[in-house]
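Comments concern the structure below.
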């Protein structure tokens, strides 16, 4: 048909998924790996955002998360690798507007703003599925997005 486009299914990876996917020594790595592979097998594009990259860097440079926290040179390599593995959604004015709409609909505060911003980024980027370990944190947005968690 002329003028039709095929929408590629997209999935957004929460920071907790990226962290466990990239670091095989962390708990739940096998389950996360299976979930991400399932998404790839379904032909989904895998997405993260600049927020996820920042949150990932907080985790991998913090003592106690990895056996040995990453150093600055390693951090640069990890960020470059994430950019090769996943499409990266940028935040813009539309994302902020959507975040404010979500906060009206789902009153949130403190660290919950990070979760709402992920959902805003997803919605503005036409991403309908979130991969996360923190179902409890994200389930309030289930009317807006599909939430998938790794299972044993």
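The values are calculated or read from the model by the stated rules, or taken from the named source; none is laboratory data. Just so we're clear, the structure is a prediction, and the values are computed from it rather than from any experiment. In this analysis, Cβ positions are derived from the backbone assuming ideal geometry, glycine residues included, and neighbour counts consider all displayed protein chains.
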Review point. Does the stretch 1-10 contain at least one residue that is touching a helix residue (DSSP H, G or I) at 6+ places or on another chain (Cβ under 6 Å) and modelled with pLDDT of 95 or more?
Key: no
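For (1) over 23 Å from residue 111 (Cα atoms); (2) part of a helix (DSSP H, G or I); (3) in contact (Cβ under 8 Å) with a residue 40 or more places away in the chain, each residue gets a yes or a no:
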residue	(1), (2), (3)
7	yes, no, yes
18	no, yes, yes
24	yes, no, no
30	yes, yes, no
39	yes, yes, yes
Exercise for review: Could you list, in sequence order, all residues of the stretch 110-128 that are free of Cβ contacts under 8 Å to residues at least 12 places away in the same chain and buried (at least 20 other Cβ atoms within 10 Å of the Cβ)?
Suggested key: none
Check your understanding: Among 60, 68, which is in contact with a strand residue (DSSP E or B) (Cβ under 8 Å, 6 or more places away or on another chain), within 30 Å of residue 24 (Cα to Cα) and either touching a residue at least 12 places away in the same chain (Cβ under 8 Å) or not in a helix (DSSP H, G or I) (or both)?
Key -> 60
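How many residues are part of a loop (DSSP other than H, G, I, E, B), touching a strand residue (DSSP E or B) at 6+ places or on another chain (Cβ under 7 Å) and surrounded by fewer than 19 Cβ atoms within 10 Å (Cβ to Cβ) if we restrict to the stretch 129-152?
1
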Practice item. Please work out which one of (1) surrounded by fewer than 14 Cβ atoms within 10 Å (Cβ to Cβ); (2) without any contact (Cβ under 8 Å) to a residue 12 or more places away in the chain; (3) more than 21 Å from residue 121 (Cα to Cα) is the condition residue 84 fails and give its number. Key: (3)
Review point. Is at least one residue of the stretch 50-62 touching a helix residue (DSSP H, G or I) at 6+ places or on another chain (Cβ under 8 Å), buried (at least 19 other Cβ atoms within 10 Å of the Cβ) and closer than 21 Å to residue 126 by Cβ?
Key: yes
